[in-house]
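The values are calculated or read from the model by the stated rules, or taken from the named source; none is laboratory data. Since this is a predicted model, take the numbers as computed values, not measurements. Ideal geometry is used to build each Cβ from the backbone, glycine not excepted, and the neighbour counts take in all protein chains shown. Side chains included, ligands, DNA and RNA excluded: accessible areas come from the protein's heavy atoms. Shrake-Rupley method; radii C 1.70, N 1.55, O 1.52, S 1.80 Å.
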Amino acid sequence: MAGADVLDAVILGAGAAGMMAAATAGQAGCRVVVVDHAAQPGRKILISGGGRCNFTHLESGPGMFLSANPHFAKSALARYTPRDFLDLLARHRIAWHAKAPGQLFCDRSAGEIVEMLVRECRQGHVEMALSNRIIAVRRDADGCFVVETDRMALRARAVVLATGGLSIPKLGATGLSHDLARRFGLKIVEPAPALVPLTFGAGDREWMVELAGVSMEVATRCHAGAGRRARDIVFRDGMLFTHRGLSGPAILQASSYWSAGMALDIDCLPGRDAVRCLRDLKRGRPRMGGAAMLATLLPQRLAHMLATRHLPDGPVGEMPDSVLDALGVMLSSWRLMPNGSEGYVKAEVTRGGIDTDGLSSQTMEARDVPGLFAVGEAVDVTGWLGGHNFQWAWSSGHAAGRAL
Ligand code: FDA
């Protein structure tokens, strides 16, 4: 037993949000223990961003997050911003660069972020209890939280649920925070894999397999919210054909808005009028075959597949406008029906989670369970691709850490 006396907080999960909460609270003078079943902290950080950790996005704001309450993330994001995280990096002399506008990565390695968080925790005298399997979390007669692991029992006046989502079980992801939240009476927004490749039925797979490895720029169109909050969101980015279906950033972004039975809307020629392009090509280069014409606009293998399936043989000059127009309409709004996703094994994040209705947006504390906090991916706040999920981990962790 690490001490029968009462700690200020036990934080469950030594990931991005948990370590941020621990360091913030520890440096403010709280006695904090972080418990994790892994032997090493921040394993997801280490593999993120291809090993360079896309640690934030300069434009991160509530509009880049999915949540049943789109306003919930506002307060925490405003009080701990991407600039605050950059100040922290500067103090630790961690070099970074922007890969795409606003999207920031480490110059050297994601390991630097983990080392920084561990150093920050050390500075706050935070105790790390790694390789501890959490067996139970309950409240005792004095109203203290008791966290029992296979190696010790801890008592604290607060517990922070920071064990993340269900994505990548082989890295130790579990539904512990969701389960504990439920047990303490909080509601859960149905979790689902997000930022995940989409899969297709046998009919589509037959031709998609032929295109495996082909990548191109597209725009995916997604519908978010309902009623007065409804809005269309367009993600213009790369798409990749795989052996199981579609991947690439534009698809991963769309996957967060996708659920079973929904179509996927893809513009294969974003920013261009596909019907006009095909008519111009017919007029300008009438002797070209269909595949050669399409290859001036699209990757060659896709052009060949589309010509075989949608255009007659012979030169484009002899093809009826109606046929070319129909293909143009299809190219600018290609409706495909995914049959699922590659699931938590491949999903970068989990959408849904602990319902924000039960939490204070200022402190992340459960409204009806004083002393119980939830931060990071375990909460129903899911960011777009591009560093937003880490920003949420830093901001929500910081908000809880200050309130402990
Ligand atoms: P996180 O998952 O970081 O930490 C949870 C901790 O809880 C872990 O240490 C885990 O071991 C522990 N835990 C889980 N269950 C437990 C149990 N039962 N008992 C004890 N401990 C338990 N985001 C981004 O913004 N930019 C990026 O570049 C990337 N890249 C990326 C790549 C890949 C491959 C993945 C899978 C994910 C990303 N992400 C990302 C998402 C990002 O990693 C994620 O949103 C944050 O790590 C969430 O931080 P949390 O602290 O909430 O959970």
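Set against the 2.2 N^0.38 Å expectation for a compact globular protein, the chain has a Cα radius of gyration ratio of 1.14. Packing here is the average count of other Cβ atoms within 10 Å per residue, and on that basis the peptides 120-132, 281-293, highest first, run 120-132, 281-293.
Overall form of the stretch 23-114: rounded. Here a/c, set by the Cα gyration tensor axes a ≥ b ≥ c, is under 1.5. Between 0 and 90 degrees, the angle of helix 388-403 with respect to the longest Cα principal axis of the chain falls at about 20 degrees. For the chain, the share of DSSP beta bridges that are antiparallel, to the nearest 5, is 75%. Against the main long axis of the alpha-carbon atoms of the chain, helix 274-284 sits at an angle near 30°. When peptides 338-351, 141-154, 87-100 are sorted by average Cβ neighbour count within 10 Å, with the highest value leading, the order is 338-351, 141-154, 87-100.
Mean residue ellipticity, 222 nm, helices only, the chain: the sum of -39500 (n - 2.57) across DSSP H runs of n ≥ 4, divided by residue count and rounded to 500, is -9000 deg cm²/dmol. Here the dipole of the chain is about 400 debye; that uses its Cα centre as origin and unit charges on the Cβ of Lys and Arg (positive) and Asp and Glu (negative). For the stretch 177-233, a simple Cβ point-charge model (Lys and Arg +1, Asp and Glu -1, everything else neutral) yields a dipole of about 600 debye relative to the Cα centre.
Ranking Ala16, Val369, Val329 by how far each Cα lies toward the positive end of the dipole of the chain (charges on Cβ) leaves Val329 at the top. The portion of the accessible surface of the chain made up by carbon and sulfur, rounded to a whole percent, is 50 (1.4 Å probe; DNA, RNA and ligands excluded). Candidates Gly397, Ala202, Ala129 compared by Cα position along the dipole of the chain: farthest toward the positive end lies Gly397, with charges placed on Cβ. Across the cross-link table entries Lys44/Lys346; Lys44/Lys99; Lys74/Lys170, which are compared at the Cα atoms, the separations over 23 Å belong to Lys74/Lys170.
Each Lys and Arg Cβ is given +1 and each Asp and Glu Cβ -1; about its Cα centre, the stretch 246-318 then shows a dipole of about 280 debye.
The C-alpha atoms of the chain define a longest principal axis, and helix 300-310 lies at about 60 degrees to it. With the highest mean first, a sort of the peptides 15-23, 367-375 on other beta-carbon atoms found within 10 angstrom per residue produces 15-23, 367-375.
Accessible surface calculations at 1.4 Å, restricted to protein heavy atoms, place the chain at 43 Å² per residue.
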